[in-house]
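The values are calculated or read from the model by the stated rules, or taken from the named source; none is laboratory data. Just so you know, these numbers come straight off a predicted model, no measurement behind them. Using ideal geometry, Cβ is built from the backbone for each residue, glycine included, and neighbour counts are taken over all protein chains shown. Heads up: the accessible areas ignore ligands, DNA and RNA and are worked out on the full protein's heavy atoms, side chains in. Shrake-Rupley method; radii C 1.70, N 1.55, O 1.52, S 1.80 Å.
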Amino acid sequence: VCTRSAPEKSLREVSAEEMAAQFAVNTIGPALVLKQAPRLLARRERGVFAALSARVGSIGDNRAGGWYSYRASKAALNQVIRTGAVELARSRKQAVCVALHPGTVATDFTANYPAHKKVGAEEAAANLLGVLDGLAPAQSGGFYDYAGLEVPW
């Protein structure tokens, strides 16, 4: 969710309100859902928890800057997923807990980004389900894109 008309392009545009809104949706919400995973995932069978992150949440892949609130909230989500995966592995050895980057999904918001190849929501979801089907517990705690490639933290 973006309470502004566009993501921040410079530090002077950063506001506490926008950061709080982004963290509420992109970090706190998924963390509260992940909190329920231990009671919902089987102890001895494969179970999957995945959260939608975004490549712009990668600290290692940030070459463009900007988007402060959104980037920070997704980077924080990635840490929640990584930490949750460590904890889940203690009692659910077959669990897979990952962050996923769906690619650029065609929405009203992304219409302003003509240089990016976009996919529809159904295709994005199918891609991510395919990635999840191919992940093993050893990959839990990772960050993967729509093609199954690992995204740097």
Residue that is assigned to a helix (DSSP H, G or I), modelled with pLDDT under 95 and either open to solvent by 50 Å² or more (accessible area, probe 1.4 Å) or aliphatic (A, V, I, L, M) (or both), where the choices are 1, 25, 56: 56
Which one is surrounded by the most Cβ atoms within 10 Å (Cβ to Cβ) among residues in region 136-153 that are of a type in the set (A, V, I, L, M, F, W, C) and touching a Phe, Trp or Tyr at 6+ places or on another chain (Cβ under 7 Å)? 143
For region 64-83, enumerate the residues that are aromatic (Phe, Trp, Tyr) and assigned to a loop (DSSP other than H, G, I, E, B). 67
Mind checking which residues of region 28-42 are surrounded by 11 or more Cβ atoms within 10 Å (Cβ to Cβ) and either at pLDDT below 95 or within 13 Å of the chain's Cα centre (by Cα) (or both)? 28, 29, 30, 31, 34
Matching residues in region 113-131 (open to solvent by 50 Å² or more (accessible area, probe 1.4 Å) and either among the acidic types (Asp, Glu) or in contact (Cβ under 8 Å) with a residue 60 or more places away in the chain (or both)) number 2
Considering (1) over 17 Å from residue 55 (Cα atoms); (2) more than 15 Å from the chain's Cα centre (by Cα); (3) not in a helix (DSSP H, G or I), say which one residue 115 fails and leave the rest. (1)
Determine if region 60-68 includes at least one residue that is over 18 Å from residue 128 (Cα atoms), in contact with a helix residue (DSSP H, G or I) (Cβ under 7 Å, 6 or more places away or on another chain), at pLDDT below 95 and surrounded by 18 or more Cβ atoms within 10 Å (Cβ to Cβ). yes
Return a yes/no flag: does region 96-117 have any residue that is under 30 Å from residue 15 (Cβ atoms), among the aliphatic types (A, V, I, L, M), touching a Ser or Thr at 6+ places or on another chain (Cβ under 8 Å) and modelled with pLDDT of 95 or more. yes
Need the failing condition index for residue 86 against (1) of a type in the set (A, V, I, L, M, F, W, C); (2) in a helix (DSSP H, G or I); (3) open to solvent by 20 Å² or more (accessible area, probe 1.4 Å); (4) within 21 Å of residue 105 (Cβ to Cβ), just the number. (4)
Quick one: residue 61 ticks every box in (1) touching a residue at least 24 places away in the same chain (Cβ under 8 Å); (2) touching a Pro at 6+ places or on another chain (Cβ under 9 Å); (3) part of a helix (DSSP H, G or I) bar one, so which box is it? (3)
